[in-house]
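The values are calculated or read from the model by the stated rules, or taken from the named source; none is laboratory data. Source: prediction; values computed, not measured. When we count neighbours, we look across all protein chains shown, and the Cβ atoms used for this are built from the backbone with ideal geometry, even at glycine.
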Amino acid sequence: MNTNSEKILIVESDPDISDLIARQALLPLGYQVSVATDGSSAIHQAVKLQPDVLITNITLPGLSGKDLLVALNSHGMSMPAIVLAEKGQESHIIQAFRLGANDYLMLPVREAEVVSCVERALKQVRDARSREKLDAQLKETNAELQRRVLELSTIFALGRAVMSITDQRKLFDKIVEAVTTVTEADLGWLKLKDESSKNFLLAAHRNLPEVLAKQIGQPFEDGLSQLVAMSAETLSIHGQPLQKFKIADLGKSAMVIPVKVKNEAIGLLTVVRKAEKPFGNSEHTLAEAIADYASISLVNARLFRVISQNAETARRGELRKNEQLQRLRQEIQSGLVTALQPLEWLLDEKSSPLMATQKQALEKSKGLIRNLITSINQEKNQPKS
């Protein structure tokens, strides 16, 4: 027995023929059968029931079977149509086919012929529905693949940005753009913890109302952030429970993702949908992956600041060392010049006669002092590496 409950509309003014087709042939097989006795009532029933197959006599009171096919087509209704005709009406059958009929039965009909003809018509319907279902599945699969490609491309691009962009403001904008894209959110923002005040300050946003967008660098309370900051766990909420929080002014579904370092929330990523459509598990995972990238960027920034500070400290230390060495050179040079003057005075023969050994010792000392002064001058004039 048929379990699909396909609907069949019979349009026949002769009760004996409609009884044979409906009660004797089709109803026992489980089909839903409706009967109309003229074309006008058939149109109303067809619009209401949306039958899968139409069986109509070519000769009807009022509207003919051919007129009925034209009328149904004008209503945008397309279904397999089987026409009933008597011998001698072959030309009418041909005209019915031109108007959209799919098959015909010659009167008087037999039950087996009716069943066979209806099954052929329903096979067309089932095949068409299978194709439509397959097309829908293919479209859905294609759309899902496109979403996955977009998600992967977004994550990949963000990874490159984290490694290449040094301007943190631009990087924060990229992070918010990425999280709103992969979660299909209408708006989003990033808040970062200020070390001195311990408040979470608005660092970047996407599509926030202008009055809120002006709060960049300032505390921005949405009602949910504090809960996530304390738990350091992602929170997703939608519908009536969301109405308890201030964030409900912006949408009907929200998700807050902590940006963590060692299980401590140092930032908060928030996404909001205007529609009451909850964020799913895959969107949780993608958003948390982006939060990890945000954490990496913040850690990198901290390390860069520490390295820069250490480098600056080392540079200043080197400058101080060089200054001290320069002062020491100047002091030694000054002392040597001072020590050289009495030697030159003693070696002046006009002052007093010297023994040969004394003069030799003084000349040697004078030469050593001059060599030291020359070495110091040469060292001082060498370019710094």
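Some points to look at:
- Test for LYS87: is it assigned to a helix (DSSP H, G or I) and among the charged types (D, E, K, R): no
- Qualifying residue in region 54-72 (condition: in contact with an Asp or Glu (Cβ under 7 Å, 6 or more places away or on another chain), assigned to a loop (DSSP other than H, G, I, E, B) and either within 23 Å of VAL125 (Cα to Cα) or at pLDDT 95 or above (or both)): no
- Candidate set: region 133-157, residues that are at pLDDT 80 or above and surrounded by 16 or more Cβ atoms within 10 Å (Cβ to Cβ); chosen: the one farthest from the chain's Cα centre (by Cα): ILE155
- Taken residue by residue, region 100-114 has at least one member that is free of Cβ contacts under 8 Å to residues at least 24 places away in the same chain, more than 21 Å from ALA46 (Cβ to Cβ) and among the acidic types (Asp, Glu).
- Looking across region 316-339, the residues that are of a type in the set (D, E, K, R) and at pLDDT below 75 come down to ARG329, GLU331.
- When VAL228, VAL182 are screened for being closer than 11 Å to VAL271 by Cβ and aliphatic (A, V, I, L, M), only VAL182 passes.
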